[in-house]
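Asks: This is the structure I want to talk about, given as structure tokens.
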Amino acid sequence: MLGLVLTVAVSVGAFQLWYRDDELYNRFDNLELFNEWVPKEKAASYGFFYTFVHSITDVLLDPPEHYSKERAQEMLDQYPEGNIDTKVNVIAVMLESFSDLSVLEPMGLQADPYAALREIWAESCHGTLLVDTLGGGTINSERSFLTGFTYPQPDYGHPTESYVQYFARQGYVTEGSHPGHDWYYDRQNVNWNLGFDQYYFSENFYGSRTDAEYAPDNVFFPGVLELYQNRDPDTPYFGFHVSYQGHSPYVATERMYDTEYVEQGYLTEASYHMVNNYLGSVADTAENVAAFTESLREDEDPVVLVFFGDHKPTLGNANSIYAELNMDLNRSSDEGFRNFYSTPYWIWMNDTAKEALDTDPAGQGPDIGPYYLMAQVFQVCGWTGPSYLQYQQELRQTLPAIHAEGTYLENGVRTKELSVNSQKLLEKQEIMEYYLKRTKYK
């Protein structure tokens with residue numbers, strides 16, 4: 001009996017203190033035989049117990065309070081799915097580490113890295129995303145956009161409801177590309193479960209178009225255009241593409257671009273080079289985005305383009321360069337919170353799409369989380385959309401941001417304590433989202 005009691009006590013203590021402690025596991029350099037960017041290999045590098053314990057945690061994830069499958073379905077049934085009557089082609093591109101650092105101008109921005117986009121932004125619905133991460137977590141913004149789901153994202157180990165699935169139900173062909181490896185973030189499997197008909201990677205598309213491991217933007221955007229032009233013109237098209245250029249690290253020993261965007265001033269030499277190389281990459285991305293957009297301006301078919309940044313770049317150890325630039329990243333303040341998490345988005349249409357949809361997107365868009373971006377696209381296009389998106393259109397009027405760190409934008413004010421009305425709205429969202437994440441296709 002004593003042995004049994006001691007075994008249980010030690011097991012419970014070990015479970016709480018060690019087996020569930022991510023920081024403890026991350027202290028061990030045990031990745032020589034594993035690739036940390038492949039989810040299954042990352043988990044395997046931690047050993048059996050970690051993987052086993054966390055698989056149990058995932059399976060037993062508690063549903064929201066007052067949840068039932070029947071209740072979730074009743075809520076969704078209040079918003080009958082709408083059809084897209086006027087179908088136009090939609091191409092969305094998530095830009096790696098693309099952020100607007102125009103706020104640096106008072107501190108010495110010598111040239112405008114966004115010059116190529118200024119006119120396009122003026123023609124677009126242009127706003128700010130409040131994403132969940134800085135310098136990493138690309139996949140959070142990506143999958144939030146494709147599903148409308150807030151943090152945390154599910155593992156997508158089975159077919160899951162998404163806006164890709166909705167476009168497919170509406171008769172669209174759904175495809176996309178990323179100039180990285182197909183195993184990265186397990187996209188080769190997850191994107192299939194999200195409803196893509198086809199997805200292209202370095203292995204099956206970009207690798208034959210460049211000697212670089214990851215295709216730069218001057219290869220990536222022609223590839224995106226090639227995929228669009230090779231579509232069946234009689235079938236509406238939804239494409240979602242993820243760039244790689246702009247990913248850290250940035251060269252710290254020399255300036256790689258002719259233009260100097262920030263003077264050295266009080267910056268260390270390494271910081272000076274890194275900031276200028278990041279902004280040089282941003283300028284090159286802007287020029288490629290502008291050229292891609294212009295190539296579709298006179299397209300005889302209607303095209304809507306959606307661009308957004310996944311997160312701000314990693315600049316220095318623990319993002320120390322932001323401090324050198326006097327950029328407030330203190331998340332306890334509203335300014336610091338926005339500086340830390342904000343990236344741009346813009347929605348542009350060619351003239352054929354404007355005529356078909358009888359609208360013009362030009363204007364200031366709202367500050368929203370990435371899970372609402374597709375709802376903004378549907379609003380601009382005048383589409384009703386699927387049930388969950390319809391509820392999001394209501395919810396985001398009150399809660400435009402439901403942030404991973406446990407804060408909210410409620411009627412434009414950042415808070416950790418929601419009003420009773422907002423709590424009820426959020427509870428409804430959580431019930432519907434849990435059903436769509438885990439139950440609908442099972």
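The values are calculated or read from the model by the stated rules, or taken from the named source; none is laboratory data. All values reported here derive from a predicted model rather than from experimental measurement. FYI the Cβ positions are ideal-geometry reconstructions off the backbone, even for glycines, and counts take in every protein chain you see. Heads up: the accessible areas ignore ligands, DNA and RNA and are worked out on the full protein's heavy atoms, side chains in. Shrake-Rupley method; radii C 1.70, N 1.55, O 1.52, S 1.80 Å.
Asks: List the pairs whose first member sits in the range 248-270 and is in contact (Cβ under 8 Å) with a residue 24 or more places away in the chain and at positive phi, whose second member is outside any loop (DSSP other than H, G, I, E, B) and open to solvent by less than 70 Å² (accessible area, probe 1.4 Å), and whose Cβ atoms are under 9 Å apart, counting only residues at least 6 apart or on separate chains?
Replies: What qualifies is G265/M107; G265/Y272.
Asks: Looking only at residues in the range 411-429 that are of a type in the set (D, E, K, R) and either modelled with pLDDT of 95 or more or out of contact with any helix residue (DSSP H, G or I) (no Cβ under 9 Å at 6 or more places or on another chain) (or both), which one is surrounded by the most Cβ atoms within 10 Å (Cβ to Cβ)?
Replies: Here is the first cut: in the range 411-429, the residues of a type in the set (D, E, K, R) are 414, 416-417, 424, 427-428.
When the remaining residues are screened for being either modelled with pLDDT of 95 or more or out of contact with any helix residue (DSSP H, G or I) (no Cβ under 9 Å at 6 or more places or on another chain) (or both), the result is 416-417, 424, 427-428.
Working: K416: 10, E417: 9, K424: 11, E427: 14, K428: 19.
Applying the filter and picking the extreme gives K428.
Asks: Can you name the number of the only condition in (1) open to solvent by less than 50 Å² (accessible area, probe 1.4 Å); (2) farther than 24 Å from F240 by Cα; (3) not in a loop (DSSP other than H, G, I, E, B) that K437 fails?
Replies: It fails just one condition, (2).
Asks: Considering only residues that are in contact with a helix residue (DSSP H, G or I) (Cβ under 8 Å, 6 or more places away or on another chain), modelled with pLDDT of 95 or more and open to solvent by less than 30 Å² (accessible area, probe 1.4 Å), which ones fall in the range 115-136?
Replies: Result: L117, I120, C125, G127, L129, L130, V131.
Asks: Keeping to the range 243-279, report how many residues are at pLDDT below 95, among the hydrophobic types (A, V, I, L, M, F, W, C) and in a loop (DSSP other than H, G, I, E, B).
Replies: Final tally of qualifying residues: 1.
Asks: Select, from E36, E70, the only residue that is modelled with pLDDT under 60 and either exposed (fewer than 14 other Cβ atoms within 10 Å of the Cβ) or among the basic types (K, R) (or both).
Replies: Among E36, E70, only E36 is modelled with pLDDT under 60 and either exposed (fewer than 14 other Cβ atoms within 10 Å of the Cβ) or among the basic types (K, R) (or both).
Asks: Here are some conditions: (1) assigned to a loop (DSSP other than H, G, I, E, B); (2) modelled with pLDDT of 95 or more; (3) out of contact with any helix residue (DSSP H, G or I) (no Cβ under 7 Å at 6 or more places or on another chain). T314 meets all but one. Which one does it not meet?
Replies: The number of the failed condition is (2).
Asks: Here are L409, L357: which of them is touching a Leu at 6+ places or on another chain (Cβ under 8 Å), aliphatic (A, V, I, L, M) and touching a residue at least 60 places away in the same chain (Cβ under 8 Å)?
Replies: Unique residue meeting the criteria: L409.
Asks: When the residues of the range 137-187 are filtered to those that are in a loop (DSSP other than H, G, I, E, B) and charged (D, E, K, R), which remaining residue is surrounded by the most Cβ atoms within 10 Å (Cβ to Cβ)? Lay out the reasoning, then the answer.
Replies: We begin by selecting, within the range 137-187, every residue in a loop (DSSP other than H, G, I, E, B); these are 137, 148-162, 170-172, 178-183.
Now narrow it down to the ones that are charged (D, E, K, R): 155, 161, 182.
Values: D155: 16, E161: 23, D182: 17.
Ranking the qualifying residues of the range 137-187, first place goes to E161.
Asks: Please indicate, with yes or no, whether at least one residue in the range 425-441 is out of contact with any Phe, Trp or Tyr (no Cβ under 9 Å at 6 or more places or on another chain), of a type in the set (S, T, N, Q) and either closer than 23 Å to L95 by Cβ or without any contact (Cβ under 8 Å) to a residue 60 or more places away in the chain (or both).
Replies: No, the range 425-441 has no match at all.
Asks: Can you tell me which residue among R338, R255, R331 is touching a His at 6+ places or on another chain (Cβ under 7 Å) and either farther than 19 Å from V93 by Cα or open to solvent by 70 Å² or more (accessible area, probe 1.4 Å) (or both)?
Replies: Result of the check over R338, R255, R331: R255.
Asks: Is it fair to say V103 is surrounded by 19 or more Cβ atoms within 10 Å (Cβ to Cβ) and among the hydrophobic types (A, V, I, L, M, F, W, C)?
Replies: Details: surrounded by 19 or more Cβ atoms within 10 Å (Cβ to Cβ): no; among the hydrophobic types (A, V, I, L, M, F, W, C): yes.
For V103, the condition - surrounded by 19 or more Cβ atoms within 10 Å (Cβ to Cβ) and among the hydrophobic types (A, V, I, L, M, F, W, C) - is not met.
Asks: Within the group P361, P386, which residue is in contact with a Ser or Thr (Cβ under 8 Å, 6 or more places away or on another chain) and either modelled with pLDDT of 95 or more or open to solvent by 10 Å² or more (accessible area, probe 1.4 Å) (or both)?
Replies: Testing whether each residue is in contact with a Ser or Thr (Cβ under 8 Å, 6 or more places away or on another chain) and either modelled with pLDDT of 95 or more or open to solvent by 10 Å² or more (accessible area, probe 1.4 Å) (or both) leaves just P361.
Asks: Return the pairs, sorted by first residue and then second, in which the second residue is open to solvent by 20 Å² or more (accessible area, probe 1.4 Å) and assigned to a loop (DSSP other than H, G, I, E, B), the first residue lies in the range 70-96 and is basic (K, R), the beta carbons are less than 6 Å apart, and the residues are 6+ apart or on different chains.
Replies: K87/P236
Asks: Same structure again: Test D367 against the stated conditions and say whether it is over 23 Å from the mean Cα position of the chain (by Cα) and of a type outside the set (G, A, S).
Replies: no
Asks: Check the range 231-245 and report whether any residue there is surrounded by 23 or more Cβ atoms within 10 Å (Cβ to Cβ) and farther than 24 Å from N191 by Cα.
Replies: So far as the range 231-245 goes, no, none of its residues is surrounded by 23 or more Cβ atoms within 10 Å (Cβ to Cβ) and farther than 24 Å from N191 by Cα.
Asks: Identify all residues within the range 288-319 that are out of contact with any Pro (no Cβ under 8 Å at 6 or more places or on another chain), open to solvent by less than 50 Å² (accessible area, probe 1.4 Å) and small (G, A, S); write none if there are none.
Replies: Correct list: A290, G316.
Asks: Checking V275 against (1) crowded, with 22+ Cβ neighbours inside 10 Å; (2) within 25 Å of R143 (Cα to Cα), which test does it fail?
Replies: (2)
Asks: If you check E119, E65, which single one turns out to be of a type in the set (D, E, K, R) and part of a loop (DSSP other than H, G, I, E, B)?
Replies: E65
Asks: Where residues in the range 364-383 are outside any helix (DSSP H, G or I) and out of contact with any His (no Cβ under 8 Å at 6 or more places or on another chain), which of them is least open to solvent (accessible area, probe 1.4 Å)?
Replies: Once the filter is applied, the top-ranked residue is I368.
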